[in-house]
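K.L.:
For reference, the structure I am asking about is given below.
The values are calculated or read from the model by the stated rules, or taken from the named source; none is laboratory data. Please read these numbers as outputs of a predicted model, since none were measured by experiment. Neighbour counts are summed over all protein chains in view; Cβ atoms, including those assigned to glycine, are modelled from backbone coordinates with ideal geometry. Remember, those area values only see protein heavy atoms, side chains included, never the ligands or the DNA or RNA. Shrake-Rupley method; radii C 1.70, N 1.55, O 1.52, S 1.80 Å.
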Amino acid sequence: MVTTNPFDDDHLQEECAVFGIFGTDEASINTALGLHALQHRGQEAAGIVSFDGKTFFAHRGLGHVGENFGAGSSHIANLVGHVAIGHNRYSTSGNSNALLEIQPFSSELAFGGFALAHNGNLTNAARLRSSLVETGSLFQSSSDTEIIVHLVARSHQDTVTDRLIDALKQIEGAYSLVCVAKDMLIGVRDPLGVRPLVLGKQGDAYVLASESCALDIVGAEIVRDLDPGEMVVITKAGIKSIKPFPAKQSRFCIFEYIYFARPDSVLEGRGVYHARKAIGAELANESRADADLVVPVPDSGVPAALGYAEAAKIPFELGIIRNHYIGRTFIQPTQQGRNDSVKMKHNANPATVRGKRVVLVDDSIVRGTTSRKIVAMMRAAGATEVHMRIASPPTTNPCFYGVDTPDKDQLIAAKLDIDAIAKEIGADSLAFISIDGLYRAMGEGGRNPDGPQFCDACFTGDYPIKLASGLSGKRVSHGNSR
Ligand code: AMP
């Protein structure tokens, strides 16, 4: 779909994972492993582009990494070379040209081959895209990422890195990028460092990944996170760091800690698991419930529930069991099946909750669908009271920087106050962690606009990167995997 309406960013959303490696003959297999570790960041499609010094090789396919690059797939053998980049795409609604949407994108530009993969979301994509189309660019996809390729292609700068910098100076939004060109692996983070990008070392090879769990799987050590606004250029001669943008205070996405990242990842020096436990503990300090059990909504609520249980001194029990084999493409055969669809993912464990007062802990409430169903499930399994505790403040604003949240009018907390939400989801009580409590859990004294700050726009509406006029409150993402 070609999006030329400046207010219609509906198809431009990408919440994804990126991975890149330079300096090993096993670049593509390492990339497949890295993408596998990052599968939670995107399940719709996966792609790898490799380079052997002369030629680019690519495979992109719908579905999980394992379906495209797992055992029995011949694709890895064809992806030769000492450099590779890869991408997992977040679930979006079907598009008839879906294959053309799958990253990494690669093209033959004036200076040679150029491949690019992007995690994030550009806020001025619609405007840039229409001006590029008006002046003759032919887009293959509806993705905002392709705009960067066109800007690099059109740049009059001499070197690839200068062309890329020239392109990046024209874009606004959140981006972590990995690129391959001219026997270089390039990694870049946007000037506020909204999305993660970590640098690692595996022997002589350098690795770039959205999260450190992807370094672990390939046996790479964490070197450091890229700084906000930093570009690293990796060649046979080593690594060079460039700071093309004026220094700004970091605004790393706090939702990465709450929900998005894997608990075994370390982001910006903080372990995600411990951050989630600390958030749960702070939530208990703020809103302790008188109850017999703490039950997590698995999997995302588990670390916060552990922290809550420890701080509140209430026993922790797995009162809900999650089925991990639920697939996106599962076809529900009957209407009854559709009505019971929540049971395909979660089922109550009556042996633990019957006759008990339960505190349910989840990471977030978006539309309220999950909470409503899970509270009812707890009651049906015999819980006598259900107190819901949420390890994030109320989600009142859409994300324009790469996390898939719906329009404001679908966000339950944008429409109802806390008592009304409690009533709507059927809970005996409901509490969210406060924004200051969240910052305290992250080791900051509270939210201080003059101090270290995260991007917390989904909770506060304080958008650190300007939005195209008309965007606020509007859905920018397309579909989701919930
Ligand atoms: P909802 O059912 O709409 O209230 O969504 C809340 C549930 O979705 C929580 O259990 C979260 O773990 C999960 N969740 C929150 N944000 C996202 C997201 N961006 N993508 C997928 N799932 C999410």
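K.L.:
Suppose R0 equals 30 Å; then what is the FRET efficiency for residue 237 and residue 100 from their Cβ-Cβ distance, rounded to the nearest 0.05?
P.N.:
Computed FRET efficiency for residue 237 and residue 100 comes out at 0.30.
K.L.:
Also, I was wondering about something else. Please label the shape of segment 271-459 as rounded, prolate or oblate, based on the square roots a ≥ b ≥ c of the eigenvalues of the alpha-carbon gyration tensor (a/c under 1.5 means rounded; beyond that, a/b larger than b/c means prolate, else oblate).
P.N.:
oblate
K.L.:
Report, to the nearest whole %, how much of the accessible area of the chain belongs to carbon and sulfur atoms, 1.4 Å probe, protein only.
P.N.:
51 percent
K.L.:
For segment 231-247, just list the computed ³J(HN,Hα) in residue order, Karplus coefficients 6.51, -1.76 and 1.60, θ = phi - 60°, integers in Hz, with x standing in for Gly and Pro.
P.N.:
10, 10, 10, 10, 9, 4, 7, x, 10, 10, 10, 10, 10, x, 10, x, 4
K.L.:
In terms of modelled amide H atoms, which long-range or inter-chain residues lie less than 5 Å from the amide H of residue 139?
P.N.:
none
K.L.:
Another question, if that's okay. For the pair residue 224 and residue 201, how long in nm is the line joining their label points, each one 7 Å along Cα→Cβ?
P.N.:
1.2 nm
K.L.:
Which far-off residues, 5 or more places away or on another chain, put their amide H under 5 Å from the one on residue 45, with H placed in the peptide plane?
P.N.:
Distant-sequence amide H within range of residue 45: 63, 89.
K.L.:
Given a cut-off of under 8 Å on Cα pairs at least six residues apart, what relative contact order in percent is computed for the chain?
P.N.:
Reported relative contact order: 15 percent.
K.L.:
Which of the helices in the chain meet the span-like rule: DSSP H, Cα axial reach of 18 Å or more, Kyte-Doolittle mean at least -0.5?
P.N.:
Correct list, ordered by number: 272-286.
K.L.:
Which of the lysines could a cross-linker bridge to residue 54, judged by Cα under 20 Å and excluding same-chain residues fewer than eight apart?
P.N.:
Qualifying lysines at Cα under 20 Å: 182, 236.
K.L.:
Largest first, how would 299, 158 line up by accessible area (1.4 Å probe)?
P.N.:
158, 299
K.L.:
Take the Cβ-Cβ distance between residue 111 and residue 325 as r, set R0 to 56 Å, and report the resulting FRET efficiency rounded to the nearest 0.05.
P.N.:
0.75
K.L.:
So, in Å, what gap is there between the alpha-carbon centers of segment 285-308 and segment 171-244?
P.N.:
36 Å
K.L.:
Next question. Stretched out fully, how many nm does the piece from residue 299 to residue 80 gain, at 0.36 nm a residue minus the Cα gap?
P.N.:
75.2 nm
K.L.:
Residues with beta-carbon under 15 Å from that of residue 384, excluding residue 384: net charge, scoring Lys, Arg +1 and Asp, Glu -1?
P.N.:
Net of charged neighbours comes to -1.
K.L.:
For segment 7-251, rounded, prolate or oblate, judged on the Cα gyration tensor with a ≥ b ≥ c (square roots of eigenvalues), a/c < 1.5 rounded, else prolate if a/b > b/c?
P.N.:
rounded
K.L.:
Note the direction-averaged projected area, equal to a quarter of the hull surface, for the Cα convex hull of segment 80-182, in nm².
P.N.:
If I average the Cα hull's projected area over directions, I get 7.0 nm².
K.L.:
Sorted by average packing, counted as other Cβ atoms within 10 angstrom per residue and highest first, what order do 361-369, 414-422, 141-149 take?
P.N.:
Averaged packing, sorted descending, gives the order 141-149, 361-369, 414-422.
K.L.:
A follow-up question, please. Is the chain best put as rounded, prolate or oblate by its Cα gyration tensor, with a ≥ b ≥ c the root eigenvalues, rounded for a/c under 1.5, and otherwise prolate when a/b is larger than b/c, oblate when not?
P.N.:
Prolate, because a/c is 1.5 or more and a/b exceeds b/c.
K.L.:
What do you get for Rg/Rh over segment 154-297 if you use C-alpha atoms and the Kirkwood form of Rh?
P.N.:
Using only Cα positions, Rg/Rh for segment 154-297 is 1.09.
K.L.:
In terms of modelled amide H atoms, which long-range or inter-chain residues lie less than 5 Å from the amide H of residue 197?
P.N.:
Here the answer is 226, since their amide H atoms fall under 5 Å of that of residue 197.
K.L.:
Order 109-120, 208-219 from most to least packed using the mean count of other Cβ atoms within 10 Å.
P.N.:
Per-residue Cβ counts within 10 Å, averaged per peptide and sorted highest first, yield 208-219, 109-120.
K.L.:
Determine, from the Cβ-Cβ distance of residue 138 and residue 73 and an R0 of 25 Å, the FRET efficiency 1/(1 + (r/R0)^6), rounded to the nearest 0.05.
P.N.:
Taking R0 as 25 Å, the efficiency between residue 138 and residue 73 is 0.20.
K.L.:
Let me have the relative contact order for segment 271-459, percent, based on Cα pairs under 8 Å that are six or more residues apart.
P.N.:
After rounding, I find 22 percent.
K.L.:
Hey, another quick one. Between residue 130 and residue 156, what is the label-point separation in nm under the 7 Å Cα-to-beta-carbon projection?
P.N.:
Between residue 156 and residue 130, the label points sit 2.6 nm apart.
K.L.:
Okay, next question. Counting only heavy atoms of the protein chains, get the accessible area per residue of the chain (1.4 Å probe) and round it to a whole Å² value.
P.N.:
Each residue of the chain exposes 38 Å² on average to a 1.4 Å probe.
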